[in-house]
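Below is one structure, written out as structure tokens; the observations come after it.
The values are calculated or read from the model by the stated rules, or taken from the named source; none is laboratory data. It should be emphasised that the depicted structure is a prediction, and the values quoted were computed from it without experimental measurement. Neighbour counts run over all protein chains shown; Cβ positions are idealised from the backbone, glycine included. The area values use the complete protein model at the heavy-atom level, side chains included, leaving out ligands, DNA and RNA. Shrake-Rupley method; radii C 1.70, N 1.55, O 1.52, S 1.80 Å.
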Amino acid sequence: MSLFFSNKNTDLQSVLHIIFPLFQKYKIRLFTGFFALVCVDLIQLVIPKFIKHGVDSLAQKSATSTSLLWLGIIIISAAACVVLLRFWWRLLIIGFSRILEKDIRDRLFSHIVKMDQPFFERWKTGDLMAHASNDLNAIQMACGMGLVAAVDALVLTSVGIGFMVSISPRLTLFALMPMPLLAICTRILSARLHTRFNLVQEQFALITEFARTTLSSIQLIQAYTLEKMQKQGFARLGKKYVKSNLNVAVIQGALFPASTLIGNIGMLLVLYNGGILVMTEVITIGEFVAFITYMYMLIWPMMAVGWVANIIQRGMTSLRRIYRLLNEQPIVIGGTGTFPANQISLHFSCRHLSFCYPETQRKILTDISLEIEPGHLAITGRTGSGKSTLCKLLLRMYPVERGCLLCNQIDVNDLAVNEIRKYIAYLPQETTLFSETIAHNIAFGKPGASRLEIEEAARAAAIHEEILQLPEGYATLIGERGVRLSGGQRQRLALARALVCKRSLLIIDDGLNAIDVETEQQVLQNLVSSKNYQSIIIVSHRINVLQLADNIIILDQGEVAAQGNHSQLQEHPFYRAMVEKQQTDA
Amino acid sequence: MRNYGYSEEGHQGNIKDVHLWRRILTYCRQHAKALWSAIALSLLITVASLMLPKLMQVAIDNFIAPQTSLDLSQRLEGLRNIIIGYGILVGIVFCGGFTQVVLLEWAGQSIMDHVRQKLFAHILTLDMYFFHEQRVGQLVTRLTNDVQNMHEMFTSVMVTLFNDVLKLFGIFCLLYYMNGRLALLMTVFIPLAFWLTFYFSRIAREKFRKIRTQVAVLNGFLAESLTAINIIQVFNRQQTSRQKYFEHTSEYLKKNIEQVRLFAKFMPLTDFMNSTAVALILWYGGGEIIRSQLSLGELVAFLSYMRLFFQPLRELSQKYSIVQSAMASAERIFQLLDTSPRLKDIDWSAQGAQHPIDGDIQFDGIWFGYNQEVPVLKGIDLNIKSGESVALVGATGSGKSTMIHLLARFYDPDQGTIRIQETDVRDFPLKELRNHIGIIMQDIFIFPDTVLANIILDQPLDQDKLRAILNQTGLQSFIDKLPKGLETVIGEDVKDLSVGEKQLLSFVRALYRDPTILVLDEATSSIDVESEKMLEHAVAASFRGRTSFIIAHRLSTIRKVDRIIVIDNGIIVEQGTHDQLMASDSVYRKFVNFDLQKQPFPS
């Protein structure tokens, strides 16, 4: 059992503290459940007593048909009790494990939405998804069936052995001789089964991935007549898969017959030694038969021991992972500061702002000093020059050092994280929409937005007409089960979502690059002239977008290479190169 | 928890479909020996495990029970013999069981592997008409989950079906042999148990389906929230998301509790039947002993057999739903295997006539649409001389790529013919045709191996040829920039190549195959400036002396081609050299001017 506690890094008590309060909260439910479970076990152990009584009375020829009828009635009523009690423990205990699962699941989600970007870089979506499904399943299994089987096995074994001892201690010894072997056997085999089974799953994933990539590039495969190569690759994976399945089968093939084998060896020992005991009249034949019935009963808990140990161990490992996840803390921690009540415009000051992503060395931004005043600002520069990073810092997605970034003369570290975001609408590079209706998606920016506000935002984003052309207009479902939108449509929808909340600063991080140039220009012009926004910050490569801005910043390798408006920048080599390239191409 | 059968859109197979069974069985023929041995082992195991209680009964009746007439040493001797027999049987059950499991797994997996390979190979022969309509996800499901489902049938079902049915049958024979009336009484339990378990598994399947649906909802929501986490946080919608998630988890909990309740109701019932049967045996069987119709040992044996009796019944009903879903999967797999490509390939070896492939290409009155109502190409006439380089220019959806699709014969034109060297492309075997056309596509297929392996693919390695290509096109510098040159393992040494690098790689790949006709479908997404320059250079170098097409998205790359063809709405609107077209008031000139506005950031 020392394997349960193999990982000393996180101490057991605090790990168990995740589930402990729940056990406390539901203690009456659990107590009743386990009480019912123990009762079931006891009744089941008593039934063989009645059988023994019946067989004995038959052997001694003292049985009458009335006494036998009564016996039958007693057995059936005992069985009826078992049915009732079983119903209750299942509902109470397994039900509890499901409640526990939900509770942890909810806590996990609440925790995750509080985390910052550095966290999401360390924990990929796939990992988090896996935790939320596999680990929670493992914990649920351990706290449900795992606990039940543990208690069940414990009670059945101890009482069963007690009864057997009361019939004949000597015979009990013989009966139990092979049992530890069974427990060890299942323990070892099922642990190995687990690892081998994981291998099968991996192979299966490989096959799936191979098929998926091949079929999604089918045109290329056929154009290059690579069918044969792919067939060979697939066949190789298939062979491996068959082999790893056989490895599992070898263990499975041994595991289940092994329990029968060892059970039967015990039976064999009992038959021989018990037979002799009956012959020498140490025990009665009825006792002998009852003994055999108890033996059958012990096979299951013995098998269960190995199984339970595995389930609980897996549950503990998962619980530990969940614990680690729940103990993660965001690095971006704001103060409690807020802006004055009728604050509407944001004025950022960067003072020698440098930044590199957590756990990397490369500086993305170096020593940036910059005033971002209300107005229309454009940022441009090569891929990787730090444009997006700058936007993300303004949005407080990553930590910044004290004194390097001020907002309205207050250090951002002193402001509550949400305080700044309240005033910013954001359009990221990668558009993410939700699988809901279009109206819902737009109103995401402002829950409870009226239909009028939604349509107004859609108009401003130049998507209104297209929405009306969809089968169900604003009620059209998008995403996997709904309508598939083009990249440009998605971006304009995301823009509408940002516009509907009418916040004073709009940040567009290259989020309109799938829209054609003319539409983009028109949308932006309308935004600027509408005066709805104190500030617009836009990251773009397109010159005609940059032209519109009051101020243009050129970033190069994390530094501000130049700033000024379109005409001022004409003399800057970067900007000039851009214009010149246009001319030579023409 | 048990799997009550994977099923797609709730579809259940028809177990009574004889044709389907026959077809499944044809796949078993190769492994007939293994399967027959497994069945024989089934028989052996069943007989052996049924003999065990019988032996015990004989031991009790003849030797252990005090009322025998034998003396003690004879009784001991007899018991000893029985013990030896018992031991042998136990050994047989174990070895038989082990061998059977492994044997069946081997046979089952091999058969399924065969089905999978066959299906995969078949899918690869299907044409673009087919792939146009099918979703990749569904095809992958056929290859993975559906095959897996069928496999379930071989291992768990076929064995247990045989084992359980045999066991039930054997138990009945023994029971009737021992005491007919008591056995008859036990028979009552069979329909009862069957009805109960079938009824149960039907409801259980429904509950599981609901749970699975809810899991999908839950995971979908979680995945979406995680990808959109920055939006949720910036718009400060954490609370709303939490509430929604809690609603989903509550629903999930409700569905799970329903399932727990169902199991709580039904699971104890089988044991109740078991106990009832025991009570009946004691009461009625006891009466039979009093009436001297039954021996004590037989009664004990009856009791043991009853224990063996209920377990297979429960198993059988569970297997039923697995068989059902396996049949549904088999049906879907066979349906896919029966799909044949619409493009008819021809075989030269059968015809004897072989046509040379050269660079002269002729599009003659081509009409084509991916579906019948909307034509994409509306009467294309075009002659391209061997060695000529041609650029296709036009808006998205104008039909540029479609022309290439027809040339490489992914589709056949609805009207008109495409000829290479005076021969209709339909008269070339597909493999021959496509081997002569090197297409560099936007969709770039890179597999996790070395760059070298990604270049040569299925061709033999020819270092000199590769070096010549790299030098000629100037792409040696691209290779040199990779951490380990040609030996760089993609996915290990470098995480992934950039769009530009991928395009360069696939360019080398196409040239290595030494195509007669070269086609470049430029990447739409902007590639980095450096790669773009290299590509421009390589294109110019490799187009020399080769019939070549370029589908241009950035017009700066195509000025050097012999002829620019502007396509609009499926019709060729103008053609000529860059200078010719720029000199007139052409659509091309408008394109060029417009294109300038969205120039990427220069270096």
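Of the listed requirements (1) part of a helix (DSSP H, G or I); (2) facing another protein chain (nearest Cβ under 10 Å), residue B:33 misses just one: (2). As a summary of the residue check, residue B:247 satisfies the conditions (1) modelled with pLDDT of 85 or more; (2) more than 10 Å from chain A (Cβ to nearest Cβ); (3) surrounded by 15 or more Cβ atoms within 10 Å (Cβ to Cβ) except for the one numbered (3). Could you grab me the full set of residues in segment B:46-66 that are farther than 19 Å from residue B:302 by Cβ, within 9 Å of chain A (Cβ to nearest Cβ) and either within 44 Å of the chain's Cα centre (by Cα) or free of Cβ contacts under 8 Å to residues at least 12 places away in the same chain (or both)? Hit for segment B:46-66 is B:66, nothing else.
Just so you know, in segment B:570-603 the residues that are small (Gly, Ala, Ser) and crowded, with 16+ Cβ neighbours inside 10 Å include one that is modelled with the lowest pLDDT, and it is B:586. When you look at residue B:277, is it at the interface with chain A (Cβ under 7 Å from one of its Cβ atoms) and surrounded by 18 or more Cβ atoms within 10 Å (Cβ to Cβ), yes or no? So residue B:277 does not fit the description; no.
Would you confirm, using the coordinates I've provided, whether residue B:114 is open to solvent by 20 Å² or more (accessible area, probe 1.4 Å), touching a residue at least 12 places away in the same chain (Cβ under 8 Å) and either facing another protein chain (nearest Cβ under 9 Å) or part of a helix (DSSP H, G or I) (or both)? Steps first, answer last, please.
Details: open to solvent by 20 Å² or more (accessible area, probe 1.4 Å): yes; touching a residue at least 12 places away in the same chain (Cβ under 8 Å): yes; either facing another protein chain (nearest Cβ under 9 Å) or part of a helix (DSSP H, G or I) (or both): yes.
Spelling it out, residue B:114 is indeed open to solvent by 20 Å² or more (accessible area, probe 1.4 Å), touching a residue at least 12 places away in the same chain (Cβ under 8 Å) and either facing another protein chain (nearest Cβ under 9 Å) or part of a helix (DSSP H, G or I) (or both).
Just a yes or no: is a residue in segment A:282-289 at pLDDT below 85 and aromatic (Phe, Trp, Tyr)? No.
Total residues in segment B:446-469 satisfying the condition of being more than 20 Å from residue A:225 (Cβ to Cβ) and aromatic (Phe, Trp, Tyr): the figure is 0. Note on segment B:519-539: among residues that are open to solvent by 60 Å² or more (accessible area, probe 1.4 Å) and either over 15 Å from residue B:552 (Cβ atoms) or of a type in the set (Asp, Glu) (or both), the one that is modelled with the highest pLDDT is B:537. Residues in segment A:106-135 that are open to solvent by less than 10 Å² (accessible area, probe 1.4 Å), at the interface with chain B (Cβ under 7 Å from one of its Cβ atoms) and over 24 Å from residue A:395 (Cα atoms): A:132 alone. Would you check which residues across segment B:172-221 are within 14 Å of chain A (Cβ to nearest Cβ), without any contact (Cβ under 8 Å) to a residue 40 or more places away in the chain and not small (Gly, Ala, Ser) and list them? Correct list: B:212, B:213, B:215, B:217, B:218, B:219, B:221. Taking helices (runs of 4 or more DSSP H) as the structural unit, those lying wholly within segment B:141-259 and holding at least 1 residues that are not assigned by TED's automatic domain parsing to the domain that holds residue B:102 correspond to B:159-178, B:180-187, B:189-227, B:229-234. For segment B:376-394, the candidate set comprises residues that are open to solvent by less than 50 Å² (accessible area, probe 1.4 Å) and either farther than 21 Å from residue B:576 by Cβ or among the charged types (D, E, K, R) (or both); within that set, the residue that is modelled with the highest pLDDT is B:388.
Table: residues versus (1) under 30 Å from residue A:299 (Cβ atoms); (2) surrounded by fewer than 18 Cβ atoms within 10 Å (Cβ to Cβ).
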| position | (1), (2) |
| --- | --- |
| A:198 | yes, yes |
| A:232 | no, yes |
| A:236 | no, yes |
| A:239 | no, yes |
| A:245 | yes, no |
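Which one of these is touching a Ser or Thr at 6+ places or on another chain (Cβ under 9 Å) and either aromatic (Phe, Trp, Tyr) or under 30 Å from residue B:400 (Cα atoms) (or both): B:479, B:440?
Values: B:479 fails: either aromatic (Phe, Trp, Tyr) or under 30 Å from residue B:400 (Cα atoms) (or both).
When all the criteria are applied, what remains is B:440.
Going by the structure shown, is residue A:270 hydrophobic (A, V, I, L, M, F, W, C), outside the structural domain of residue A:194 (by TED's automatic domain parsing) and surrounded by 20 or more Cβ atoms within 10 Å (Cβ to Cβ)? Walk me through it before giving the result.
Working: hydrophobic (A, V, I, L, M, F, W, C): yes; outside the structural domain of residue A:194 (by TED's automatic domain parsing): no; surrounded by 20 or more Cβ atoms within 10 Å (Cβ to Cβ): yes.
Taking the combined requirement at face value, the residue does not satisfy it.
Residue-wise test of (1) at pLDDT below 85; (2) surrounded by 18 or more Cβ atoms within 10 Å (Cβ to Cβ).
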| position | (1), (2) |
| --- | --- |
| B:179 | yes, yes |
| B:187 | yes, no |
| B:198 | yes, no |
| B:202 | yes, no |
| B:212 | yes, no |
| B:215 | no, no |
| B:222 | no, yes |
| B:225 | no, yes |
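Residue-wise test of (1) more than 11 Å from chain B (Cβ to nearest Cβ); (2) open to solvent by less than 30 Å² (accessible area, probe 1.4 Å).
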site: A:242; (1), (2): no, yes
site: A:249; (1), (2): no, yes
site: A:257; (1), (2): no, yes
site: A:286; (1), (2): no, yes
site: A:308; (1), (2): yes, yes
site: A:312; (1), (2): yes, no
site: A:319; (1), (2): yes, yes
site: A:325; (1), (2): yes, yes
